[in-house]
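Data block below; observations after.
The values are calculated or read from the model by the stated rules, or taken from the named source; none is laboratory data. Given the structure is predicted, the values throughout are model-derived calculations rather than measurements. Don't worry about glycine lacking a Cβ; one is built from the backbone with ideal geometry, like all the others, and counts go over all protein chains shown. Ligands, DNA and RNA are stripped out before the accessible areas are found, and what is left, the full protein with its side chains, is counted by its heavy atoms. Shrake-Rupley method; radii C 1.70, N 1.55, O 1.52, S 1.80 Å.
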Amino acid sequence: MTIAVPSSQPQGPSLQPVGWLRYLSFSLDHKVIGLQYLVAGFLFYFVGGALAGVIRTELISPMADLVPRDTYNEVLTLHGTIMIFLWIVPVVNGAFGNYLIPFYVGARDMAFPRLNAVAFWLIPPGGLLLISSYFLTGAAQSGWTAYPPLSITTPAAGQVLWIVSVLLLGGSSIFGAINFIATILKLRRPGLGMMQLPMYCWAMLGTSLLVLLSTPVLAGTLIMLSFDIVAHTGFFNPGEGGNVVVYQHLFWFYSHPAVYIMVLPVFGLVSEILPVHSRKPLFGYSTMVYSIMAIVFLGLIVWAHHMFTSGTPPWMRLFFTIATAFIAVPTGIKFFNWLATLWGGKIALNSAMLFSCAFIVHFVFGGITGVALAQVPFDVHVHDTYFVVGHFHYIVYGGSVFVIFSAIYHWYPKFTGRLLNEPLGRLHFLLTFLGFNLCFAPQHWLGLNGMPRRVAEYDPQFTLVNQLSSVGALLMALSTLPFLWNVIASLWQGARAGDNPWNARTPEWLTSSPPPVENWHGEAPLVLEPYGYGVPIDQLDLSTASGRDLWSGGR
């Protein structure tokens, strides 16, 4: 590891708000904005989780006996929209991106602090507008995909409010992406090369490119859809000469990359956490960088595998099947990189590591079922069934949310200067792991046997499996109790963490915990090897070194 730490200098007076008020203000500090994203995301997560509880309670019995069918559709739409646009995307991008990226490039803040604050403050009104639509006009009922003609024929007011809300959240994502790209490319500390950056920087660079290339397409599509609803134009309305399949193409051009907008930052976070808690360099740094960029490219040309039942011609089915199979290659490379990083390491099985390892298991399972869904005969068989629900949640919850929890256990000491309670963290992990797999694994069986998704009533033969799935959801809900208690109580009663409790090498740990306003007293440190654990490769005697030594060196 090469680190140059300049001598400390007295900190100048701060122009930023101080105390708890700064978290409720238009702060320009990237760390405050990151925590604003995190707390706001968790508040919306609890709302989305409560809605999931309504869905799973309704599905305990085959009849719609808890809420009316229209209300079930509203709950389903709000749940999906909140979890994607107000929980996972803002947290894995906005929260951790804002907090970590300036540290990793050796900057005092993001490139455009005011644009950064605007990006965050678009989130609360977008979320409140979406949720309040349920009470004001009745929420949208067409699911998070808003497919026409369903979105055109269901109550218009709720659907229009849904569109306005998603446009606000999309604008937030675009502003954030511009900021991340500018910060990574233009604010790097002199002497710090691109291939010396922590992997999370590359993950955020790739994610931001995807956001900039795909989100405007969704925005334009939703504006056209709103014209169909309000002004009765005929872009997608078959009654006016429109084409619903065109909507599906435009929607999935954004929404398949949206999966990578949710998981690429997660890949970066895991790549920061595993080396620290296994005391090993990140294996195959260069291959991981190339894999991320390959996913960015391939992620933009696989969207139509969601549309195999929409009358796609044979050549299109063949092309998108092959393209989707190809994207499994760079994704699989990272899986082996993480395994090789863990192999032979001094693994600390703490809460952060447990959640990260569970992520690997879930993501591999979700990836395998994803490759299966890319095959036309299989996709046609299980299309719009609970198999897709199970697969999707293994990717976005088993993948993204498990890493969000892992990241909180890892960086909470940096945020607060306190350690979280480990026994409570392990209890949180155990309940989440058992609940998640009990909830979503059986849904693959339901889908294979023909249970459709997005319905409040189903064939009674599926009752027992649905009840098992609901028990899993209950365990997931209970798992939040020790987590919440741990996070809140540790703020005041947690053990002092010190500046660097994990003995980590990445730059955010080379300052105080929590950090000062502009991150460091004096000049930023120059970290050229953020994963320099073990014996440096240039200090090995190659005449006596074994393959294991070289493997442990990450080369």
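Is there a residue in the range 137-160 that is within 16 Å of residue 211 (Cα to Cα) and under 21 Å from the mean Cα position of the chain (by Cα)? No, the range 137-160 has no match at all.
Of the residues making up the range 178-192, just one is without any contact (Cβ under 8 Å) to a residue 40 or more places away in the chain and either assigned to a loop (DSSP other than H, G, I, E, B) or buried (at least 24 other Cβ atoms within 10 Å of the Cβ) (or both), namely 190.
Those residues that are open to solvent by less than 20 Å² (accessible area, probe 1.4 Å) and part of a helix (DSSP H, G or I), I need them from the range 57-73; list them, please.
Step one: of the range 57-73, the residues open to solvent by less than 20 Å² (accessible area, probe 1.4 Å) are 58-59, 72.
Matches in the range 57-73: 58, 72.
Here is the figure for the range 124-152: residues that are open to solvent by 10 Å² or more (accessible area, probe 1.4 Å) and part of a helix (DSSP H, G or I) total 11.
I'd like to verify a number: residues in the range 19-43 that are within 14 Å of residue 119 (Cβ to Cβ), modelled with pLDDT under 95 and of a type in the set (Ser, Thr, Tyr), how many? Of the residues in that region, 1 qualify. Residues of the range 230-275 that are open to solvent by 20 Å² or more (accessible area, probe 1.4 Å) and among the aliphatic types (A, V, I, L, M): 230, 231, 244, 245, 246, 250, 259. The number of residues in the range 225-238 being at negative phi and free of Cβ contacts under 8 Å to residues at least 24 places away in the same chain comes to 5.
When you go through 47, 32, 39 one by one, which is the residue that is under 24 Å from residue 150 (Cβ atoms) and either surrounded by fewer than 24 Cβ atoms within 10 Å (Cβ to Cβ) or of a type in the set (Gly, Ala, Ser) (or both)?
Working: 32 fails: under 24 Å from residue 150 (Cβ atoms); 39 fails: under 24 Å from residue 150 (Cβ atoms).
Answer to the check: 47.
Filtering 501, 482, 507 for residues that are within 25 Å of the chain's Cα centre (by Cα), touching a residue at least 40 places away in the same chain (Cβ under 8 Å), surrounded by 16 or more Cβ atoms within 10 Å (Cβ to Cβ) and farther than 30 Å from residue 58 by Cβ leaves a single hit, 507.
Among 353, 316, which is among the aliphatic types (A, V, I, L, M), at pLDDT 90 or above, surrounded by fewer than 16 Cβ atoms within 10 Å (Cβ to Cβ) and more than 20 Å from residue 291 (Cα to Cα)?
On the way: 353 fails: surrounded by fewer than 16 Cβ atoms within 10 Å (Cβ to Cβ).
That would be 316, the only listed residue that is among the aliphatic types (A, V, I, L, M), at pLDDT 90 or above, surrounded by fewer than 16 Cβ atoms within 10 Å (Cβ to Cβ) and more than 20 Å from residue 291 (Cα to Cα).
Evaluate the range 443-460: report whether one residue or more is buried (at least 16 other Cβ atoms within 10 Å of the Cβ), among the charged types (D, E, K, R) and in a helix (DSSP H, G or I). No, the range 443-460 contains no residue that is buried (at least 16 other Cβ atoms within 10 Å of the Cβ), among the charged types (D, E, K, R) and in a helix (DSSP H, G or I). Flag set for residue 85, criterion: in contact with a helix residue (DSSP H, G or I) (Cβ under 8 Å, 6 or more places away or on another chain), in contact (Cβ under 8 Å) with a residue 12 or more places away in the chain and open to solvent by less than 40 Å² (accessible area, probe 1.4 Å). Checked against (1) of a type in the set (A, V, I, L, M, F, W, C); (2) more than 26 Å from residue 245 (Cβ to Cβ); (3) open to solvent by less than 50 Å² (accessible area, probe 1.4 Å), residue 329 passes all but a single condition, namely (3). Taking first residues from the range 349-378 that are more than 20 Å from residue 332 (Cα to Cα) and partners that are acidic (Asp, Glu) and modelled with pLDDT of 95 or more, the Cβ contacts under 8 Å between residues at least 6 apart in sequence or on separate chains come to 350/422; 351/422. Looking at 199, 262, 195, 204, just one residue is under 30 Å from residue 506 (Cβ atoms) and touching a Phe, Trp or Tyr at 6+ places or on another chain (Cβ under 6 Å), and that residue is 204.
Only a single criterion out of (1) more than 26 Å from residue 269 (Cβ to Cβ); (2) at pLDDT 90 or above is not satisfied by residue 7, namely (2). Here are some conditions: (1) open to solvent by 40 Å² or more (accessible area, probe 1.4 Å); (2) touching a residue at least 40 places away in the same chain (Cβ under 8 Å); (3) among the aliphatic types (A, V, I, L, M); (4) more than 25 Å from residue 268 (Cα to Cα). Residue 419 meets all but one. Which one does it not meet? Result: residue 419 fails condition (4) only.
Checking each residue of the range 102-113 against the condition of being touching a Phe, Trp or Tyr at 6+ places or on another chain (Cβ under 6 Å), hydroxyl-bearing (Ser, Thr, Tyr) and modelled with pLDDT of 95 or more gives no match.
Before we move on, is residue 473 touching a Leu at 6+ places or on another chain (Cβ under 6 Å), touching a residue at least 24 places away in the same chain (Cβ under 8 Å), surrounded by 20 or more Cβ atoms within 10 Å (Cβ to Cβ) and on the phi < 0 side of the Ramachandran plot?
Working: touching a Leu at 6+ places or on another chain (Cβ under 6 Å): no; touching a residue at least 24 places away in the same chain (Cβ under 8 Å): yes; surrounded by 20 or more Cβ atoms within 10 Å (Cβ to Cβ): yes; on the phi < 0 side of the Ramachandran plot: yes.
Against the criterion (touching a Leu at 6+ places or on another chain (Cβ under 6 Å), touching a residue at least 24 places away in the same chain (Cβ under 8 Å), surrounded by 20 or more Cβ atoms within 10 Å (Cβ to Cβ) and on the phi < 0 side of the Ramachandran plot), residue 473 does not qualify.
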